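Bear in mind these aren't lab numbers, they're just calculated from the coordinates by the rules spelled out. What you see is a predicted model; the values in this text were computed from it and never measured. Glycine also receives a Cβ, built like all others from the backbone with ideal geometry; neighbour counts cover every protein chain displayed.
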Amino acid sequence: MCNDYRLEVDVASIIEDFDGLKIKIKTPERVPNLAPRADIKITDTAPIVRTGASRLEGELVQRPWSWPAPNKKPAYNFRSDGREFTTGRCLILADGFYEFTNPEDPKKRKDKWLFTKKGERWFCIAGIWRSNPDIGEAFTMLTMEPGPDIAPYHDRQIAILDRSDWADWLDPSVSAKDILKTLPAGSLDVEQVG
């Protein structure tokens, strides 16, 4: 599953794009300095937009990616199948994500593939955040059955949201089943990067 993603877009562009969707972004912890990052890995701190005071409001904060599961391994992906997520929804900001495939020869290194969304400089991944007694607040990515662009590379995928669904994802009264769906074939570009 996805354990590495990218965000190289500046925060001003991100806030401007949310304004275009009429989602007011608040920065309760002041506007974060988001340096471009080609690799955001498990346990790294990264920006998310979580539900604000109303449906058309979100809070831009930075939190660690993953919290410790009961077995102490990091919970960085969480199955969305059949769940509603009535609290703790967030948008994970990204402009690309990576998947890794095993080559036919198990002695060789895994192939690394970069997925980006066609026609969009950046996008949002559906996530949830929680407070954990060991690390404080942290987020994880939701996963689902793979869509046609991901299926040749992996048997699961992260839940990539259509731009028109961002405000609905921040509204916990909107059913997750109405929002979490695979993108149509041809929505993602893929290139081998490693």
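Remarks
- Apart from one condition, Thr143 fits all of (1) assigned to a loop (DSSP other than H, G, I, E, B); (2) among the β-branched types (Val, Ile, Thr); (3) closer than 15 Å to Ala126 by Cα; the exception is (1).
- Put simply, of Val9, Val49 the only residue that is β-branched (Val, Ile, Thr), over 16 Å from Phe139 (Cβ atoms), in contact (Cβ under 8 Å) with a residue 24 or more places away in the chain and in contact with a Leu (Cβ under 9 Å, 6 or more places away or on another chain) is Val9.
- Taking segment 54-115 and the strands (runs of 3 or more DSSP E) fully enclosed by it, the elements with 3 or more residues that are surrounded by 15 or more Cβ atoms within 10 Å (Cβ to Cβ) are at 57-64, 89-94, 96-101.
- Matching residues in segment 15-59 - criterion: being of a type in the set (S, T, N, Q) and within 29 Å of Pro74 (Cα to Cα): Thr27, Asn33, Thr43, Thr45, Thr51
- For segment 1-43, the strands (runs of 3 or more DSSP E) that sit wholly inside it and include 1 or more residues that are in contact with a strand residue (DSSP E or B) (Cβ under 8 Å, 6 or more places away or on another chain), surrounded by fewer than 12 Cβ atoms within 10 Å (Cβ to Cβ) and of a type outside the set (A, V, I, L, M, F, W, C) are 37-41.
Yes/no per residue for (1) within 16 Å of the chain's Cα centre (by Cα); (2) free of Cβ contacts under 8 Å to residues at least 24 places away in the same chain; (3) under 16 Å from Glu84 (Cα atoms):
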{"position": "Glu120", "(1), (2), (3)": "yes, no, no"}
{"position": "Ile128", "(1), (2), (3)": "yes, no, yes"}
{"position": "Ala151", "(1), (2), (3)": "no, yes, no"}
{"position": "Leu161", "(1), (2), (3)": "yes, no, yes"}
{"position": "Leu170", "(1), (2), (3)": "yes, no, yes"}
{"position": "Ala176", "(1), (2), (3)": "yes, no, yes"}
